[in-house]
Every structure is written in structure tokens, then in C-alpha cells.
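The values are calculated or read from the model by the stated rules, or taken from the named source; none is laboratory data. Fair warning: this is a prediction, and the values are worked out from it, not measured in the lab. Virtual Cβ from ideal backbone geometry, glycine too; neighbours counted across all protein chains shown. The protein model used for the area step is the full one, side chains on, heavy atoms only, and it has no ligands, DNA or RNA in it. Shrake-Rupley method; radii C 1.70, N 1.55, O 1.52, S 1.80 Å.
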Amino acid sequence: MNYKSTRGDVAGISFKEAVMMGLATDGGLLIPETIPDLSDQLDGWANLSYTQLAVEIMSPFIDDISRADLTLLIERSYSTFNHIDIAPVRTLGPVQLMELFHGPTLAFKDVALQFLGNTFEYILKQRNTSLNILAATSGDTGSAAIAGIRGKQNINIFIMFPEGKTSPVQELQMTSVLDANVHNIAIEGSFDDCQTLMKSIFSDSEFKQKYCLGAVNSVNWARVLAQIVYYFYAYYKLGCPKHFDVCVPTGNFGNIFAGYMAKQMGLPIRHLILASNSNDILVRFFETGVYQRGKVSLTHSPAMDIQVSSNFERYLYYLCGTDSAKVKVFMDSFLSTGKAQLESVASADKTFRCASVSNEETIELIRRYAKKYQYIVDPHTAVGLNVAEQMVDSEVPLLCLSTAHPAKFGDVMAAADVKVSHPTLAALKGLATKKTVIAPDIDRIKALIVEG
Ligand SMILES: *Cc1c(COP(=O)(O)O)cnc(C)c1O
């Protein structure tokens, strides 16, 4: 399988090249040149474990890693999960909930970042080169990226976060990692300052090349690929239904795009239900065909507080009938004016349903589920469940994805009057930590990278 860009100026690159490239060099996103149809093979995989299934789903997309090596990479990636099923499913009333938070940092991003970290290490070893990962985080992504990269050979990771502005648990999840290749940089400024610094360092192409800078953000194809697997796994967990619906708490559109790929690959998903918080750029798009930037508002589900959904362009490419010229016109218009529109809403496809959920509704749902099911959900999952409840259809099973463990969001749990803890987080208290606190100064950060 080769990869090409949604903007049409990059094509014919291999899986390993796509992983190393991250964002396509023409500014687009990388996608496979064709989508394999696995529908004829579904019957044969019902008894596979999560990792065995992952090998079957991922290998059609990877020509340049042997099946034996891929198997090892996948096994290593999910050996850090603390549930034997990796992604167990439980019944809550009319909804089936898939728990994707059994990885080392208790959020679904581990599913992709554990695999990405191992894949980076594998490629770098073969090429005998090294990589410096630079990332800005307001919380969740940082700890999952660190957990994916810590202790790996030939990779350093530099994580910038706003000093004092992440939650105490999130900060501890990052700073308690003492591996020599992990560098926590607390910036005396805002999350925006961190992102601005990151962009200006990446735009210095001489520095970027000299120090082999790389990114781990959600546009990396390997992250999408690893996420496709659990949609297939869910199908078997639900007993191979004729059709099923999936509801996904959505921010950057990475998770739900993996579901869209799974459907194109022949998995019998009927509707993909997009659940958003009040940052509803995607809901507005699906309702009107207009994609328009708004102001970010801070909600109880911070990992979904986005202005622009970085993976949306992949979906847009298929929605435009795989016409790169159309994608370019749309994205150029969006980047220059903050607004873009498809010719007609009718071209929006019938796969997606969507709704957005307020902070009050999020709290109400957490409270209600604790009472009714004695089950505590995190605020992102609560957004998903609220929308899932609106879309229940007694004819078709409905799966909702649970994206984080509730103990990560203690303040929201307190607001909902529920108590929840997790041994992994409790064990962080009192651990030694390391971080470098610096002013938002590009030269200081570059110096840290140069020192390694
Ligand atoms: C990142 C994240 C999301 C959003 O996922 P996208 O792929 O960006 O749509 C939802 N919930 C949690 C807990 C997350 O960390």
C-alpha cells in the first residue's frame, strides 16, 4: 500500500515514509491510495484476540514491515494495557460502551500512541537515525505521547505545556516520567504561547532538518490506523450484527475518522454519530455544509475543546469525490477567511448523525449514570452517551466509545458529586518529578533541543 496527500502533490510513498512524514509536505494529510475491502474476511476473525485482529486489519496497509515484525510491534504496544481484552465492552441500558482507557495514561490516545512510539523506534533503528519529537499540549495528549516514547532508543521527546495551567494530575502524569529521553518544558505563558512556539520552531526548516524534528499529533497516519482496529473488535464483541451504529465523542475528528475508514473497509456500520461539546464546528458543518471557525470555549471535556478539527481534511477528501483540487479550494478558503462551504448540503453523506452537548447536560449525565447504573463515566464519554441516548434505535445495536477514565477529571467529578479513583493515578502522589520552567522564548527551547 502506498500513500498520497489529500492535496494531490505527494504520492507513491510507503507506510514507513508516511509515518516519518506526519503532515504531507504539500500541507495536506496522508491517506492510503486505495482502501482495502475486508468484508469477505470478516467471518474468519471472530475468535481472534485484540492483537491478532490488529495484525489482520493493519497489515493490508503496510507493505514495508514484515508480518512477523508487525506482530511484535503490536504485541509490544498493547502489553502495557491493564485489561486482558484491551478494549472491553459493557452494557449500560440500551447502549454498549467500549472502554478505550485501559492504557498507561488512562485515555484512548494510548491505543494509537503506544503503537506510534514503537513504530518510530523500529524505523529509526533500521535507518540508524534519531528523532526529536516536539509537541505542545494542554494536557491529555502530552502524557500519552510521553508514555509512548519514554525509554525508546534514538528518540527524545520535548513536551511544552503552560506552567500552572494543566490539572495537577495531568502535570504529574507528565513530570513524574524520569526517563532521560523525556523533557518536560513548562512555559510561563498560555497554551496558545506553546503552540506559537512550536509552529515557529517547525517553520525554521534549517533547524528542523539539522535536529530531525518530528511530530506526534493526531494527523499521523499510524494513529488513525491503530484506531481502526477497535471498530472491528467492537463488531465481534457485539456478536457480528447485521448493522450497528457507533457514537464517538469528537474533537479533532481522528477517532471518528477511523470509524469512517472501517466502514469503507466493509465493516457494517450504519451511522457514525458525532458527539461534540459546545465547540461545535463539525455539528454546524454536517447541518449546513458550512465549515466555519469559531472561538474556543472551555468546557468540562477539555480534550474536545478545539477550534479546527485537524483530521477533518481526510474526510473532506472523500466527500469531495477524491478530487484534490476541490479540497485545496475548500482549505485555502478556510485558511484565508475562516470559512468554507461545499456546493450543497446534499453532498454531505448520510452516514453521519451529530449533536452537541452543554456542560450542564454533561454533569447531569454523569450523575444519572452513577445512580442508575453505578457506573461512573468521564466527561468526554458523558458527551457521547448524551448524544447516543438521543439516537437509540431498538432495531440496531448502538456502541458508544468511552475515551478516558473518570478519575483523570477529578474537578468535574466533584461538580457532579461522584467520587472515583484509580490506583495508577493514586500512585503518582509524592513521586519525584522533573520539569524545566522557562519563559516563552524560542531560543531557550531550541537550546534545550540542541543539548538533548
Ligand atoms: C483526544 C480525546 C478526544 C477527542 O478525540 P479526537 O480524535 O480528537 O476526535 C476525546 N476524548 C478524550 C478523553 C481525548 O483525550
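Summary of values
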{"quantity": "Strands (runs of 3 or more DSSP E) (entirely within the range 1-113) containing at least 3 residues that are more than 29 Å from residue 240 (Cβ to Cβ) and not aliphatic (A, V, I, L, M)", "calculated": "3-5"}
{"quantity": "Criterion violated by residue 206 - all others in (1) under 20 Å from residue 80 (Cβ atoms); (2) acidic (Asp, Glu); (3) more than 18 Å from the chain's Cα centre (by Cα) satisfied", "calculated": "(1)"}
{"quantity": "Selection within the range 137-166 - open to solvent by 30 Å² or more (accessible area, probe 1.4 Å), farther than 17 Å from residue 193 by Cβ and under 20 Å from the mean Cα position of the chain (by Cα)", "calculated": "150"}
{"quantity": "Those residues of the range 229-253 which are outside any strand (DSSP E or B), within 14 Å of the ligand (Cβ to nearest atom) and crowded, with 24+ Cβ neighbours inside 10 Å, in sequence order", "calculated": "230, 231, 250, 251, 253"}
{"quantity": "Test set (1) free of Cβ contacts under 8 Å to residues at least 12 places away in the same chain; (2) surrounded by 20 or more Cβ atoms within 10 Å (Cβ to Cβ); (3) hydroxyl-bearing (Ser, Thr, Tyr) - residue 203 fails condition number", "calculated": "(2)"}
{"quantity": "Count - residues of the range 185-197 that are open to solvent by 30 Å² or more (accessible area, probe 1.4 Å), more than 16 Å from the ligand (Cβ to nearest atom) and of a type outside the set (D, E, K, R)", "calculated": "2"}
{"quantity": "Residue 382 vs. criteria under 25 Å from the mean Cα position of the chain (by Cα), among the aliphatic types (A, V, I, L, M) and outside any helix (DSSP H, G or I)", "calculated": "no"}
{"quantity": "Within the range 254-364, strands (runs of 3 or more DSSP E) holding 2 or more residues that are within 30 Å of residue 39 (Cα to Cα) and within 16 Å of the ligand (Cβ to nearest atom)", "calculated": "269-276, 352-356"}
{"quantity": "Subset of the range 140-176 (residues that are of a type in the set (Phe, Trp, Tyr) and more than 16 Å from the ligand (Cβ to nearest atom))", "calculated": "158"}
{"quantity": "Inter-residue pairs, beta-carbon under 6 Å, first in contact (Cβ under 8 Å) with a residue 40 or more places away in the chain and in the range 224-238, second open to solvent by 20 Å² or more (accessible area, probe 1.4 Å) and not in a helix (DSSP H, G or I), 6+ apart", "calculated": "236/46; 237/89; 238/397"}
{"quantity": "Tally of residues being in contact (Cβ under 8 Å) with a residue 12 or more places away in the chain and not in a helix (DSSP H, G or I) across the range 365-379", "calculated": "4"}
{"quantity": "Single residue of the range 280-328 satisfying the filter (of a type in the set (Val, Ile, Thr) and within 25 Å of residue 264 (Cα to Cα)) that is surrounded by the most Cβ atoms within 10 Å (Cβ to Cβ)", "calculated": "327"}
{"quantity": "In the range 211-228, the residues that are touching a Phe, Trp or Tyr at 6+ places or on another chain (Cβ under 7 Å) and open to solvent by less than 10 Å² (accessible area, probe 1.4 Å)", "calculated": "221, 222, 224, 225, 226"}
{"quantity": "Single unsatisfied condition, residue 126 versus (1) within 21 Å of residue 429 (Cα to Cα); (2) surrounded by fewer than 16 Cβ atoms within 10 Å (Cβ to Cβ); (3) of a type outside the set (Val, Ile, Thr)", "calculated": "(1)"}
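Conditions (1) closer than 21 Å to residue 362 by Cα; (2) assigned to a loop (DSSP other than H, G, I, E, B), marked per residue:
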{"site": "401", "(1), (2)": "yes, no"}
{"site": "417", "(1), (2)": "yes, yes"}
{"site": "425", "(1), (2)": "no, no"}
{"site": "430", "(1), (2)": "no, yes"}
{"site": "448", "(1), (2)": "no, no"}
